[in-house]
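Some notes on the structure that comes next.
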Amino acid sequence: MTSEDNYSDNNVVSKQVHKHDHTPPADQGPVTQVQAIQIAMQELLIEKGLVCAEEIRETVELIDSITPSRGAEVVARAWLDPEFKSRLLHNGTAACLEMGIDLRPTPLVVVENTSLIHNIVVCTLCSCYPRMLLGLPPDWYKSTAYRSRIIIEPRVVLLEFGTNLNPELSIRVHDSTADMRYLVLPQRPNNTENFSVNQLTELVTRDCMIGVTLPKNSVTS
Amino acid sequence: MSAKRIGPHDVAGSVVDPVDTTAHELAGWEKRIDALYKLLADEKRCLFVVDEFRLAIESLGPDVYNTHSYYERWVLAIRDILIKKQIITSDELSQRVVDVLDREV
């Protein structure tokens, strides 16, 4: 569900995932109790034939390969192609599939920043996040402080990210669930009319697709 | 707001600390537990679904939840699920943990 904040931060009511021989390199330093549990479980699961070391290694490589540049490419295309943007806002999952990005089975809802509305994404209960577009969530997204405060004082939290929003903007904070994901479609910065798709992609940071910052070259007023 | 909180994960509106925006490089074991989760819950294995995983994390209890890092909670939650579903036994896991720690010394 979506919460909305007009001119005040105090009225936001938001509510609406043998043998470590072939797996990635060992960690530095002594193994903690919990790390030992991770290693022990992995070994037992491999011995029982439920997973194989190769699959774990490949999955870690897949996780490492997904970066926010994927999301940035989607945003840049939406900035350049009004029809794609319309499809993206109507059905984010289907529009991403057009670009070869398969988000299924988790639906994607894309929320558009405008001259009146600024959107921010959170998962107050845990860490739901559009991983297939942005990679793994950053530590702060999973932190208790962000999860707790972004819904009651978004403007204050954004200042901690160096983002000073126009006080006239309405802020909508979207609380993700395990069954769907949000992505912010930021506003295209001014004076980028002649930018190529690659130049536009460069402006789109991870944090602006979560809504805690604005794209590079943006001017706040 | 005085609504009853449903668990230690229900933190909305309760904290005043600033957001620490620094990032740490994920360790190998953190990526491996993330990968294990994806594999165990995938279409091929389907040993559990995301909601069971969430419930397991949310059921760790406030003492465990609040004293362990994000991926430490994942390890403990997946452990609880695997034992509950009798995919591994508590005894064999305990013994293997001892073996792992012995080996690492």
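The values are calculated or read from the model by the stated rules, or taken from the named source; none is laboratory data. Since the model is a prediction, treat every value here as computed from it, not as a measurement. Please note: Cβ atoms are built from the backbone with ideal geometry, for glycine as well, and neighbour counts cover all protein chains shown. For the accessible areas, the whole protein counts, side chains as well, though only heavy atoms, and no ligand, DNA or RNA atoms are used. Shrake-Rupley method; radii C 1.70, N 1.55, O 1.52, S 1.80 Å.
Taking the conditions exactly as written (closer than 18 Å to A:GLU112 by Cα, at pLDDT below 95 and in a loop (DSSP other than H, G, I, E, B)), does A:THR220 satisfy them or not?
Yes, satisfied.
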Find the residue count for segment B:42-57, including only residues that are open to solvent by less than 30 Å² (accessible area, probe 1.4 Å) and either under 12 Å from the mean Cα position of the chain (by Cα) or at the interface with chain A (Cβ under 7 Å from one of its Cβ atoms) (or both). 3
So B:TYR70, is it closer than 29 Å to A:PRO105 by Cβ, aromatic (Phe, Trp, Tyr) and facing chain A (nearest Cβ under 7 Å): yes
Against the conditions (1) surrounded by 21 or more Cβ atoms within 10 Å (Cβ to Cβ); (2) outside any helix (DSSP H, G or I); (3) modelled with pLDDT of 95 or more, where does A:LEU133 fall short? Just the number, please. (2)
Does any residue in segment A:181-208 that is of a type in the set (D, E, K, R) come within less than 6 Å, Cβ to Cβ, of a residue that is assigned to a loop (DSSP other than H, G, I, E, B) six or more places away or on a different chain, and which pairs are these? A:ARG181/A:THR106; A:ARG181/A:PRO130; A:ARG206/A:PRO68; A:ASP207/A:THR213
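Could you please let me know if B:ASP10 is out of contact with any His (no Cβ under 8 Å at 6 or more places or on another chain), among the charged types (D, E, K, R) and more than 7 Å from chain A (Cβ to nearest Cβ)?
No.
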In segment B:85-92, is there at least one residue being small (Gly, Ala, Ser) and open to solvent by less than 50 Å² (accessible area, probe 1.4 Å)? no
Give the number of residues within segment A:46-85 that are open to solvent by 70 Å² or more (accessible area, probe 1.4 Å) and among the small types (Gly, Ala, Ser). 1
When you scan segment A:96-115, do you find a residue that is away from every other protein chain (no Cβ under 14 Å), crowded, with 20+ Cβ neighbours inside 10 Å and of a type in the set (Gly, Ala, Ser), even just one? no
Would you tally the residues in segment A:68-85 being under 13 Å from the mean Cα position of the chain (by Cα) and outside any helix (DSSP H, G or I)? 1
Say we look at segment A:164-205 and pick out the residues that are in contact with a strand residue (DSSP E or B) (Cβ under 9 Å, 6 or more places away or on another chain) and small (Gly, Ala, Ser); which of these is surrounded by the most Cβ atoms within 10 Å (Cβ to Cβ)? A:SER176
Open to solvent by 40 Å² or more (accessible area, probe 1.4 Å), assigned to a helix (DSSP H, G or I), closer than 15 Å to B:PRO8 by Cα and aliphatic (A, V, I, L, M): is that true of B:VAL64 in this structure? yes
For segment B:16-39, give me each residue that is within 7 Å of another protein chain (Cβ to nearest Cβ), in a helix (DSSP H, G or I) and either open to solvent by 20 Å² or more (accessible area, probe 1.4 Å) or not small (Gly, Ala, Ser) (or both). B:TRP29, B:LYS31, B:ARG32, B:ILE33, B:ASP34, B:LEU36, B:TYR37, B:LYS38, B:LEU39
